[in-house]
Amino acid sequence: MTSTRLALLLLVACEQAPEAGRERGPCRDGACEAGLTCLSDRCVAYPPAASGPSGLPASCVDYEQLLDKYAGCPALPADARASIRQVVDQLKHNWTQLGSAQQSPMVDKACADGAAATRRAMATFKC
């Protein structure tokens, strides 16, 4: 083994592990530094989903639009449409309270799952 290869091997072997909470380091009580996400107990720079004008992930913008359409579906009874409208209004209010958590993978997944369920419900009522 040449001395250059040995030096390189020693350098790599001596590299310190990232600190807890920092990028590529272990999560610190399930949390990481700002801008990082804890996935599989490692802090990673998780790229946020494309966001709409509200700052929410695109999946949430899609979900919001679907819910608005569903709340106006003439095939639903008036009281059901009113209930859906209340849920939509509450959801929109809750989204304003999320702050920086708007871009979390969990919010993105919840919106995508909600949109899928809404599509199924809309198909049932032919909305």
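General observations
- Coupling constants for region 56-68 follow from the phi torsions by the Karplus curve (6.51 cos²θ - 1.76 cosθ + 1.60, θ = phi - 60°), and in residue order they are 7, x, 4, 5, 6, 4, 4, 4, 4, 5, 5, 5, 4 Hz; glycine and proline get x.
- Computed over every Cα-Cα pair of region 49-127 and binned at 5 Å starting from 0, the pair-distance distribution P(r) comes out as 3, 17, 25, 25, 15, 10, 5, 1 percent.
- Cross-link partners of residue 126 among lysines (Cα-Cα below 23 Å; sequence separation of 8 or more within a chain): 69
- Close amide-amide hydrogen proximity is noted between residue 28 and 21, each under 5 Å apart and 5 or more residues distant or on a separate chain (H modeled in the peptide plane; Pro and chain starts excluded).
- Taken one residue at a time, the phi angles of region 109-120 give Karplus couplings (6.51, -1.76, 1.60, θ = phi - 60°) of 5, 4, 5, 5, 5, x, 5, 5, 5, 5, 4, 5 Hz. Gly and Pro are set to x.
Read the figures in this text as sums done on the coordinates, not as results from a lab. Because the structure is a prediction, the values reported are computed rather than measured.
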